[in-house]
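I have placed the structure first, in the form of structure tokens, so that the comments after it can refer back to it.
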Amino acid sequence: MSLLSVQELQTHFIYRDIDYQFREAKALNKVTLSLNAGEVLGIVGETGAGKSLTAQSICGLLRPPAQIVGGSVMFDGKELLSLSEDEINAIRGADIAMVVQNPRSSLDPLTQIGKQLVRVHQTHSGGTILESRQKALDMMRAVGIPDPLGRFNAWPHELSGGMAQRVLIAMALMNEPKLLIADEPTTGLDVTVQAQILDLLEDLVNQFDMACMIITHDLGIVAHYCDQVAVMFAGEIVEQGPTKRVFQTPAHPYTQQLLAATPERLQMGIRSQLGGQPPDLFNLPTGCLSQDRCPKSTKKCETPPPMIDVSSGHLARCHFAESDNKAGSKGGD
């Protein structure tokens, strides 16, 4: 059984407009994914695709007007969507932890680093101050923070961006979670620090046998660090499967366009442009959501495409995914 199993998750933004009429934006559209212990899943897609919203929905971090209107989120055998606020709070921070892209926004500027780490541990473990202090120092060492005792008494403004991100990772690991969600964990960091943080996450996943979900715009990060990948567009997953297989033989036109738009492909002279705009979430088309910007769109795309099993574990939501993949395979023989 998967550690995390999300089935047809639907999150909408529902509110009254200036004319006091209800409006509903279908921000997540029946998202389905799963994640096993020790596995790293990358979620990619353009801005507004629903990547961070998926993570927030799983963790119970939604605020009005966002609300879950359907689906299931099973974590370690528990249905998270049926839990009370207190029950989900007990899981979040203990069994599920999250690392966000801007560590300074998550650290209390008026509290020393060590005290913040101790507070997180005591909230969920019930240990003594001395036990929590030792745990904090151990986690600071685990994430590669030099001079943990000295940094324990440091203030957030005294840390570099990379060091602050390490502190946030240490905070997420204080209670040895089963699932770590990293939402754009290296945005704003220089290239060298980015690699250090991602290598650290990879080592920690192996060390603690955690499941890890990495949300990113960077396909290179996914290619290097993720076992599985899910490609999102307009609030739904359009392709998913083993990273190497999806990237080598992308079956959905949107995935093909994303891969062709990477700097590496552009340097090779392979150019692609994601033309047009994503669909209006307040008025989604009845058929394929990417039909208006897809170069392969036909009349058939006016009906909703099924999620096709292109090959073992490689799925794509496209009417032509199966035939495209077969044609690509024949061409490579």
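Within the stretch 143-152, if we keep just the residues that are out of contact with any Lys or Arg (no Cβ under 9 Å at 6 or more places or on another chain) and assigned to a loop (DSSP other than H, G, I, E, B), the residue that is nearest to M98 (Cα to Cα) turns out to be P146.
For Q257, the requirement of being closer than 24 Å to I215 by Cβ and at pLDDT 85 or above is met.
Under 7 Å by Cβ, and 6 or more places apart or on different chains, what pairs join a residue from the stretch 188-203 that is more than 20 Å from R104 (Cβ to Cβ) with one that is modelled with pLDDT of 85 or more and in a helix (DSSP H, G or I)? Cβ pairs passing all conditions: E202/Y225.
Rundown of residues vs (1) buried (at least 20 other Cβ atoms within 10 Å of the Cβ); (2) in contact with an Asp or Glu (Cβ under 8 Å, 6 or more places away or on another chain); (3) basic (K, R); (4) modelled with pLDDT of 90 or more, yes/no style:
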site: E184; (1), (2), (3), (4): no, no, no, yes
site: V193; (1), (2), (3), (4): no, no, no, no
site: E202; (1), (2), (3), (4): no, no, no, yes
site: F208; (1), (2), (3), (4): no, yes, no, no
site: C212; (1), (2), (3), (4): yes, yes, no, yes
site: T216; (1), (2), (3), (4): yes, yes, no, yes
site: H224; (1), (2), (3), (4): no, no, no, yes
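The set of residues in the stretch 161-177 being part of a loop (DSSP other than H, G, I, E, B) and either at pLDDT below 90 or not aliphatic (A, V, I, L, M) (or both) consists of N175, E176, P177. For the stretch 93-117, the candidate set comprises residues that are touching a strand residue (DSSP E or B) at 6+ places or on another chain (Cβ under 8 Å) and not hydrophobic (A, V, I, L, M, F, W, C); within that set, the residue that is farthest from D76 (Cα to Cα) is Q101.
Residues checked against (1) under 30 Å from G276 (Cα atoms); (2) under 16 Å from the mean Cα position of the chain (by Cα):
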| residue | (1), (2) |
| --- | --- |
| E8 | yes, no |
| V31 | yes, yes |
| I68 | yes, no |
| D86 | no, no |
| D95 | no, no |
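Being touching a Phe, Trp or Tyr at 6+ places or on another chain (Cβ under 8 Å), under 25 Å from I43 (Cβ atoms) and surrounded by 19 or more Cβ atoms within 10 Å (Cβ to Cβ) is the requirement here; does L189 meet it?
Answer is no for this residue.
One residue stands out among those in the stretch 71-112 that are in contact with a His (Cβ under 9 Å, 6 or more places away or on another chain) and farther than 17 Å from M174 by Cα: the one that is surrounded by the most Cβ atoms within 10 Å (Cβ to Cβ), which is R104.
Residues in the stretch 12-40 that are in contact (Cβ under 8 Å) with a residue 60 or more places away in the chain and of a type in the set (S, T, Y): T32 alone.
Note on the stretch 189-221: among residues that are of a type in the set (D, E) and outside any helix (DSSP H, G or I), the one that is farthest from M98 (Cα to Cα) is D190.
Within the stretch 122-163, can you find the residues that are of a type in the set (V, I, T), surrounded by 13 or more Cβ atoms within 10 Å (Cβ to Cβ) and within 22 Å of L110 (Cβ to Cβ)?
T123, I145
Of the helices (runs of 4 or more DSSP H) that lie entirely inside the stretch 68-142, those containing 3 or more residues that are out of contact with any Cys (no Cβ under 7 Å at 6 or more places or on another chain) and either modelled with pLDDT of 90 or more or at positive phi (or both) span 85-91, 113-125, 129-142. Among the residues making up the stretch 3-22, those that are modelled with pLDDT under 95 and out of contact with any Asp or Glu (no Cβ under 9 Å at 6 or more places or on another chain) are R16, D17, I18, D19, Y20, Q21, F22. In the stretch 43-66, which residues are in a strand (DSSP E or B), of a type in the set (G, A, S) and within 23 Å of Q228 (Cα to Cα)? Listed by number, the list is empty, since nothing qualifies.
Taking the stretch 30-42 as the range and being buried (at least 20 other Cβ atoms within 10 Å of the Cβ) and either assigned to a loop (DSSP other than H, G, I, E, B) or touching an Asp or Glu at 6+ places or on another chain (Cβ under 9 Å) (or both) as the test, the residues that pass are V31, V40, L41, G42.
So, in the stretch 237-257, exactly how many residues are surrounded by fewer than 22 Cβ atoms within 10 Å (Cβ to Cβ) and assigned to a strand (DSSP E or B)? Result for the stretch 237-257: 1.
The values are calculated or read from the model by the stated rules, or taken from the named source; none is laboratory data. Worth saying up front: this structure is predicted, and the values here are computed from it rather than measured. Note that each Cβ is placed from the backbone with ideal geometry, even for glycine, and that neighbours are counted across all protein chains shown.
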